[in-house]
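Let me begin by presenting the structure, written as structure tokens, before commenting on it.
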2 protein chains.
Amino acid sequence: MEYSRQTERWGVQEIVLQGPAEGNPFTEQWIRGTFAGPGQNNVKVNGFYDGDGIYKVRFMPSYEGEYSFRIEASFLPETQEGSFTVTPAGEGNHGPVRVAYTYHFAYEDGTMYYPVGTTCYVWELQSEAVQKETLAELAKGYFNKIRFCVFPKHYIYNFHEPSSYPYEGTPVDTTGMNKKNFHSYSMEDKGNHWDFYRFNPAHFRHIEECILELQKLGIEADLIVMHPYDRWGFSHMQPDQDDLYWNYVVNRFSAYRNVWWSFANEWDLLRDKTVADWERYAEIVVQNDHVQHLRSIHNCHTLYDYSKPWITHCCIQRQPDVMPVEMTNQWRDKYRKPIVIDELCYEGNINNAWGCISGQEMTRRFWEITMRGGYAGHGETFVHPQDILWWSHGGKLHGESPERLRFLKKILEELPEGGLQFAGRRLAVNQRRMPGNTWVHLQYLGKSTPSFLEYSFEEGQYHVEVIDTWNMTIEDKGVFGPEFTINLPGREYMAVRITKMG
Amino acid sequence: MEYSRQTERWGVQEIVLQGPAEGNPFTEQWIRGTFAGPGQNNVKVNGFYDGDGIYKVRFMPSYEGEYSFRIEASFLPETQEGSFTVTPAGEGNHGPVRVAYTYHFAYEDGTMYYPVGTTCYVWELQSEAVQKETLAELAKGYFNKIRFCVFPKHYIYNFHEPSSYPYEGTPVDTTGMNKKNFHSYSMEDKGNHWDFYRFNPAHFRHIEECILELQKLGIEADLIVMHPYDRWGFSHMQPDQDDLYWNYVVNRFSAYRNVWWSFANEWDLLRDKTVADWERYAEIVVQNDHVQHLRSIHNCHTLYDYSKPWITHCCIQRQPDVMPVEMTNQWRDKYRKPIVIDELCYEGNINNAWGCISGQEMTRRFWEITMRGGYAGHGETFVHPQDILWWSHGGKLHGESPERLRFLKKILEELPEGGLQFAGRRLAVNQRRMPGNTWVHLQYLGKSTPSFLEYSFEEGQYHVEVIDTWNMTIEDKGVFGPEFTINLPGREYMAVRITKMG
């Protein structure tokens, strides 16, 4: 048994044991750890088989101090025990993200977390060079969340083989597949053979490396566990195979603090799966994820019932005929959970209606949704000579929105600590009351182009800044008395930040 | 008795009689005509008192040929009779507008009518100079419908006295009224005295002159009969006074072919009036309007029940938190009547959220709503040194949308005659099947910025044009076979017009 004598708070304690490699260790063996420390007692954590006779149990400690544990396994004649010290969280480590103030998020250490996400469905399964490009782009700090899939993706612009597969087997031969027939491309024959009881540990290890790379960049890994874009049969497994997969995913990834569970992308397109199936997967995750990471499920046409107690927040794809912006409030009122509109069309110029909005419109939707008390997700789909589209592959960003979204993120992160209160208004207002009877009032004007605005507040001094959300400028207008008029340029996409001074 | 021996089809036959001027002729006398001609028999039309002992009965003949009539009146000892010839409609005279194809409009002669409207609430009650400016702007052909009020308007930017009042009396003294107190400005005192039983015929005669001026320009007069922006008490009359007013309006204006009845602007802000009141007014109009002009009623917060049979089409103000564009389809499905979104915010730069969208956004909303099978209304509210804002006063237009709306109107009017069919699609499509198995397909891309689009039609030749709805250009792409790809500039606000050739 090997493990570290010291682990950072919200870091990963990994306990490694040797065990049998013969037979099918994935189905014939089991391993479990039980952990105890200050504030945590009897925390049971299932381990997993990592290939080559190696078994692992991973645990994320929630508190500082002395922890002890014991390991039981099908192949161990007796329980093994150990202990380790949990040191304070290092710089940039705020713990896992939780729901806060009903509609919002905060890290476990209390720092507010304002999601400004992106989607690169299978960036981690591209060539090494493209993966490096992706991480280099992400290092620029545009986003603090990224959605991506555990399974490879088969879809338009996504025909090449992934860098690895999650199972032992051989993929379908794609000779003759093209843009016209890929939708109905059969996986029943053409060399498509997989053992859904034998995982390929290298595939999952690589995802873990990616999760850690993202963690270093301060980015949450919103893992899409199932999706329908498939030519190999991963979306058509039997219930016992599905359950084996969900357990394996949870047992491997739960200890990484920056993981979120996105149960599916477009759950309603996974025609084999019933709501009962999704509820069974939820049971597996709720019972086995010792960190209780955030959980949601993403739709195509039909929203999942987000009132289910296992769902921590709504992860919504916009409905085709309804603007996501305007629905944000209604969904908030309906579900009383954070609203993350993780797909609101992508910035780009492909011929699909979901993949061709401008950077300006992307930025507008982000601001509108955020100011209405929801959160939004970015994606990018520009035609590319090698079909490398950020939305699926990562690579380089080509659009105009990322730096504007980083600007938005900065504005949000500048909001002072304290009780958070978003208040929907005719002109969307995000008002946050702070200690000492001071507050910050952030008002996004969006498509409104007033040449002036009038304000009337209670007695006091007010510092006014005019923000151009598109040109990314902040103009200091000065300090005003309780009643005042602010001149504005009469352009779209302006915001006003008013700080009541102490 | 005086009248013309000859009237144009859908023109006005006006029969003028002398009668008593003493007492109160508005309430104490009545006059009625009964008309007969080819296809019309026993059409009863109430007349009205026009002051100075003059009584009038106005009739709009629907057919060509010989008409006869008789006049009865409270002051006539015996019925008077007459006859006249109805000649063919003159150039530009297509008759009144009717509902066509469930969701659309056509003139009575069968010519399609595609509303591209504007709103100038009380343009006809401004100075003569401003009225002339308004008519000069309207003569440029931007719009084919205008909404305006019979009563004067009291509201922000609308403090000065109108050029005339609908009743005999004296207006409230506005000394001391300002932007802050005008909302609760009392009309109970300060010289506000009106006789709600004695109309000022000059006020109504002037409106008739304006209706005729608009008619010459091919513009429909969408008359707003009641509204809540009032400091004189015209929105707080008693039921018998209301009924007298509705009868007077209908009896005076019905014979003008280009009149539409907009029962109210923001009906739900007329707090005195109940739904039963509106239904009673509807009964008056339905029973007395011998032309059966189009009828609707405009909302603030709450839509009127547009399923009422007297309502010919929906005249909707956008709901604050819901985009009018996306609701067009839902309202169509719900009411199965034409949807006219007559207020969707105004192009301008005032500080009210409803009065500060860009010309680009105005144009986009028009196209989107139109391509989804509805119709839209323009308005303009730019800050002006003399507070002359198009939305209320007319005057000069300052915005960027009017010439784009004229361009849209032209595109619509170029659609060939024949069965009309709008088909909602992901990318909005307006497809119109024509005789000879040809058709025109008009597709608006709005916020979508594809760099190409792929088409696959049945065997045939297709003429493709790419329309830039903002820059008002039409690029001829040539003629293509049944499967083809069209390159696009990847900009917003493009449209594609495809004509299947015969």
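The values are calculated or read from the model by the stated rules, or taken from the named source; none is laboratory data. For clarity, every value in this text was computed on a predicted model and none was experimentally measured. Neighbour counts are summed over all protein chains in view; Cβ atoms, including those assigned to glycine, are modelled from backbone coordinates with ideal geometry.
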Practice task
Give the residues of segment A:467-494 that are out of contact with any His (no Cβ under 6 Å at 6 or more places or on another chain), more than 14 Å from chain B (Cβ to nearest Cβ) and modelled with pLDDT of 95 or more, sorted by residue number.
Solution key: A:ILE467, A:ASP468, A:THR469, A:ASN471, A:MET472, A:THR473, A:ILE474, A:GLU475, A:ASP476, A:LYS477, A:GLY478, A:PHE480
Exercise for the section: State all residues of segment A:179-208 that are assigned to a loop (DSSP other than H, G, I, E, B) and within 29 Å of A:LYS145 (Cβ to Cβ); if no residue qualifies, say none. Expected result: A:ASN200
Problem - All strands (runs of 3 or more DSSP E) inside segment A:10-119 with 1 or more residues being closer than 30 Å to A:GLY379 by Cβ and at pLDDT 95 or above - result: A:97-100, A:104-107, A:116-119
Practice task
Considering only segment A:330-348, state which residues are within 11 Å of chain B (Cβ to nearest Cβ) and buried (at least 24 other Cβ atoms within 10 Å of the Cβ).
Solution key: A:TYR346, A:GLU347, A:GLY348
Completion exercise
Going through (1) at pLDDT 95 or above; (2) assigned to a helix (DSSP H, G or I); (3) under 30 Å from A:MET60 (Cβ atoms) one by one, A:MET362 fails only at (3)
Practice task
Scan segment B:375-397 and give yes if some residue there is basic (Lys, Arg), more than 15 Å from B:VAL340 (Cα to Cα), in contact (Cβ under 8 Å) with a residue 60 or more places away in the chain and buried (at least 19 other Cβ atoms within 10 Å of the Cβ), otherwise no.
Solution key: no
Exercise for the section: Check whether at least one residue in segment A:298-309 is of a type in the set (A, V, I, L, M) and within 24 Å of A:PHE148 (Cβ to Cβ), and report yes or no. Expected result: yes
Practice task
Check segment A:327-340 and report whether any residue there is under 23 Å from B:GLU492 (Cβ atoms) and more than 20 Å from the chain's Cα centre (by Cα).
Solution key: yes
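Yes/no matrix, rows are residues, columns are (1) touching an Asp or Glu at 6+ places or on another chain (Cβ under 8 Å); (2) part of a loop (DSSP other than H, G, I, E, B):
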| position | (1), (2) |
| --- | --- |
| B:VAL325 | yes, no |
| B:ARG332 | no, no |
| B:ILE341 | no, no |
| B:TRP354 | yes, no |
| B:PRO385 | no, yes |
| B:GLY399 | yes, yes |
Problem - Residue match in segment B:276-297 (condition: over 28 Å from B:GLY233 (Cβ atoms), among the acidic types (Asp, Glu) and more than 21 Å from the chain's Cα centre (by Cα)) - result: no
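Which residues, taken from segment B:266-281, are of a type in the set (Val, Ile, Thr) and assigned to a helix (DSSP H, G or I)?
Listed by number, the list holds a single entry, B:VAL275.
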Handout entry: Residues of segment B:281-307 classified as modelled with pLDDT of 95 or more and surrounded by fewer than 16 Cβ atoms within 10 Å (Cβ to Cβ), total
Key = 6
Fill in the blank from the handout: Counting only residues in segment A:470-502 that are under 18 Å from A:THR449 (Cβ atoms) and part of a loop (DSSP other than H, G, I, E, B), the one nearest to the chain's Cα centre (by Cα) is identified as A:TRP470
Exercise for the section: Identify all residues within segment A:299-329 that are of a type in the set (A, V, I, L, M, F, W, C) and more than 12 Å from every other protein chain (Cβ to nearest Cβ); write none if there are none. Expected result: A:CYS300, A:LEU303, A:TRP310, A:ILE311, A:CYS314, A:CYS315, A:ILE316
Problem - Evaluation of A:ALA21 against (1) at positive phi; (2) over 29 Å from the mean Cα position of the chain (by Cα) (one fails), failing number - result: (1)
Exercise for the section: Evaluate segment B:195-204: report whether one residue or more is buried (at least 17 other Cβ atoms within 10 Å of the Cβ) and either closer than 30 Å to B:GLU91 by Cβ or touching a His at 6+ places or on another chain (Cβ under 8 Å) (or both). Expected result: yes
Practice task
Hey, could you check segment A:349-367 for residues that are of a type in the set (A, V, I, L, M, F, W, C) and away from chain B (no Cβ under 11 Å) and say which is farthest from A:PHE143 (Cα to Cα)?
Solution key: A:TRP367
Fill in the blank from the handout: From the option list A:PHE159, A:PHE143, A:PHE151, single residue qualifying as assigned by TED's automatic domain parsing to the domain that holds A:TYR306 and within 30 Å of A:ARG336 (Cα to Cα) is A:PHE143
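Can you tell me which of A:ILE211, A:ILE224, A:ILE284 is assigned to a helix (DSSP H, G or I), out of contact with any helix residue (DSSP H, G or I) (no Cβ under 6 Å at 6 or more places or on another chain), under 22 Å from A:VAL99 (Cβ atoms) and among the aliphatic types (A, V, I, L, M)? Show your work before the answer.
Details: A:ILE224 fails: assigned to a helix (DSSP H, G or I); A:ILE284 fails: out of contact with any helix residue (DSSP H, G or I) (no Cβ under 6 Å at 6 or more places or on another chain).
Only one candidate qualifies: A:ILE211.
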Completion exercise
Scanning segment A:438-456 for residues that are among the aliphatic types (A, V, I, L, M) and facing another protein chain (nearest Cβ under 10 Å), the one surrounded by the fewest Cβ atoms within 10 Å (Cβ to Cβ) turns out to be A:LEU453
